Amino acid sequence: WEFMPTSMMAENWTRVSEFILLSFSSLPTEIQSLLFLTFLTIYLVTLMGNSLIILVTLADPMLHSPMYFFLRNLSFLEIGFNLVIVPKMLGTLIAQDTTISFTGCAAQMYFFFFFGVAECFLLATMAYDRYVAICSPLHYPILMNQRTRAKLAAASWFPGFPVATVQTTWLFSFPFCATNKVNHFFCDSPPVLRLVCADTAQFEIYAIVGTILVVMIPCLLILCSYTRIAAAILKIPSAKGKHKAFSTCSSHLLVVSLFYVSSSLTYFRPKSNNSPESKKLLSLSYTVVTPMLNPIIYSLRNNEVKNALTRTFHKALALRSHIL
């Protein structure tokens, strides 16, 4: 990226009232139709799966522990994440509705960052919850009482507000060049940044530092929690006890790995030379695929959730037959 002289910027600067999301427009129509059906299926599975997790953890008394309270918060986040990104992407694929207003683009970016940052810190909170449960099982109900878990959840959601506000308002205060084509399927920071015709060096430094803080602080908390968890598990004498302790953490570790690896590869280099198509694939992994996998991972690898789903299903059938 080369910055234009001030005189040229003044000539080429134009007030942008809307953006065009190029999305997957370079692909043939048949492939776009196939992508639409695939993403629509994933979207519906994501909404149903996360909604089911929320309903089951609320309805079943056996799942009123802190672990499932935080899992419910994660499902709320994943639903919000999907609602911000996927509907517009589906519109660009099936109806070729590629335009998005200036305000709409800013709003999409704001909520994307809000939910993304909140998820980083919530995953760290969930790791801390597992640490307390395994390393201090006798004090767990006292340490993770209702008031404490509410404070931890609020502390996880809150960082999203300042990060999203600063990042979005700063980026959209820049002048944009004549082109308004965003080479992505949503208004993400790196592709929108490429449309700016001004010196963005300070913003890029802020973006990298912000990414390091948002990713590394929760990541370090997760590593510290699991280092202590691993030490505690190794002290358990029976193999069965070790397996049970590890099984309560394996789902969370898998979700953390999926989310952090893909998002870090994108945001540590906001103007990297990677092809736009490779960045789109990376973005799909944490905006579309991971939110769908979370309820599947937590339900298939967790006997308590599977048993609760069975109980809830049987209750619903019994209620239906009683009404009929």
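Considering the stretch 38-50, and only residues there that are hydroxyl-bearing (Ser, Thr, Tyr) and surrounded by fewer than 15 Cβ atoms within 10 Å (Cβ to Cβ), the residue that is nearest to Met292 (Cα to Cα) turns out to be Thr41.
Kindly indicate the residue of the stretch 67-78 that is more than 17 Å from the chain's Cα centre (by Cα) and open to solvent by 10 Å² or more (accessible area, probe 1.4 Å) and also farthest from Val182 (Cα to Cα) among those meeting that condition. It comes out as Met67. In the stretch 233-248, is there at least one residue being modelled with pLDDT of 75 or more, open to solvent by 60 Å² or more (accessible area, probe 1.4 Å) and not in a helix (DSSP H, G or I)? Scanning the stretch 233-248 turns up at least one residue that is modelled with pLDDT of 75 or more, open to solvent by 60 Å² or more (accessible area, probe 1.4 Å) and not in a helix (DSSP H, G or I). Of the residues making up the stretch 174-183, one or more are in contact with a strand residue (DSSP E or B) (Cβ under 6 Å, 6 or more places away or on another chain), open to solvent by 60 Å² or more (accessible area, probe 1.4 Å) and either among the hydrophobic types (A, V, I, L, M, F, W, C) or in a loop (DSSP other than H, G, I, E, B) (or both).
Kindly provide the set of residues from the stretch 191-220 that are more than 16 Å from Val117 (Cβ to Cβ) and open to solvent by less than 60 Å² (accessible area, probe 1.4 Å), ordered by number. Please lay out each step first, then the result.
Of the stretch 191-220, the ones more than 16 Å from Val117 (Cβ to Cβ) are 191-205.
Those that are more than 16 Å from Val117 (Cβ to Cβ) and open to solvent by less than 60 Å² (accessible area, probe 1.4 Å): Pro191, Val192, Leu193, Leu195, Val196, Cys197, Ala198, Thr200, Ala201, Phe203, Glu204.
Among the residues of the stretch 189-217 satisfying the criterion of being small (Gly, Ala, Ser) and part of a helix (DSSP H, G or I), which is nearest to Leu21 (Cα to Cα)? It comes out as Ser189.
The residue that is nearest to Thr200 (Cα to Cα), counting only those in the stretch 146-183 that are touching a Leu at 6+ places or on another chain (Cβ under 9 Å) and small (Gly, Ala, Ser), is Ser156.
Comparison of Met109, Met9, Met4 shows that the only residue that is at pLDDT below 95, in a helix (DSSP H, G or I) and out of contact with any Asp or Glu (no Cβ under 6 Å at 6 or more places or on another chain) is Met9. Scanning the stretch 155-173 for residues that are open to solvent by 30 Å² or more (accessible area, probe 1.4 Å) and in a loop (DSSP other than H, G, I, E, B) gives Phe158, Ser173.
With the condition kept exactly as written, say whether any residue in the stretch 45-52 is modelled with pLDDT of 90 or more, of a type in the set (A, V, I, L, M, F, W, C), touching a helix residue (DSSP H, G or I) at 6+ places or on another chain (Cβ under 6 Å) and over 30 Å from Phe172 (Cα atoms). Looking for residues that are modelled with pLDDT of 90 or more, of a type in the set (A, V, I, L, M, F, W, C), touching a helix residue (DSSP H, G or I) at 6+ places or on another chain (Cβ under 6 Å) and over 30 Å from Phe172 (Cα atoms), one finds at least one in the stretch 45-52, hence yes.
On the stretch given as the stretch 58-89, residues that are out of contact with any helix residue (DSSP H, G or I) (no Cβ under 6 Å at 6 or more places or on another chain) and farther than 19 Å from Ser299 by Cα total 4.
Quick check on Tyr286: is it at pLDDT 75 or above and either among the aromatic types (Phe, Trp, Tyr) or farther than 25 Å from Tyr128 by Cα (or both)? Taking the combined requirement at face value, the residue satisfies it.
Suppose we filter Leu123, Leu171 for residues that are in contact with a Phe, Trp or Tyr (Cβ under 8 Å, 6 or more places away or on another chain) and within 30 Å of Ser26 (Cβ to Cβ); which single one remains? Walk me through it before giving the result.
Values: Leu123 fails: within 30 Å of Ser26 (Cβ to Cβ).
When all the criteria are applied, what remains is Leu171.
Consider Phe81 carefully, then state whether it is assigned to a helix (DSSP H, G or I), within 20 Å of the chain's Cα centre (by Cα), within 19 Å of Thr168 (Cβ to Cβ) and not β-branched (Val, Ile, Thr).
Details: assigned to a helix (DSSP H, G or I): yes; within 20 Å of the chain's Cα centre (by Cα): yes; within 19 Å of Thr168 (Cβ to Cβ): yes; not β-branched (Val, Ile, Thr): yes.
Judged against the criteria, Phe81 is a match.
Which one of these is over 19 Å from Leu293 (Cα atoms) and out of contact with any Lys or Arg (no Cβ under 9 Å at 6 or more places or on another chain): Ala127, Ala107?
Details: Ala127 fails: over 19 Å from Leu293 (Cα atoms).
Of Ala127, Ala107, the one residue that is over 19 Å from Leu293 (Cα atoms) and out of contact with any Lys or Arg (no Cβ under 9 Å at 6 or more places or on another chain) is Ala107.
A count restricted to the stretch 123-142 and to residues that are open to solvent by 40 Å² or more (accessible area, probe 1.4 Å) and under 16 Å from Leu221 (Cβ atoms) stands at 3.
Only one of Asp97, Asp60 is among the charged types (D, E, K, R), buried (at least 16 other Cβ atoms within 10 Å of the Cβ) and more than 18 Å from the chain's Cα centre (by Cα). Can you tell me which?
Every option except Asp60 fails the conditions.
The values are calculated or read from the model by the stated rules, or taken from the named source; none is laboratory data. Worth saying up front: this structure is predicted, and the values here are computed from it rather than measured. When we count neighbours, we look across all protein chains shown, and the Cβ atoms used for this are built from the backbone with ideal geometry, even at glycine. In case anyone asks, the SASA skips ligands and DNA or RNA and just uses the protein heavy atoms, side chains included. Shrake-Rupley method; radii C 1.70, N 1.55, O 1.52, S 1.80 Å.
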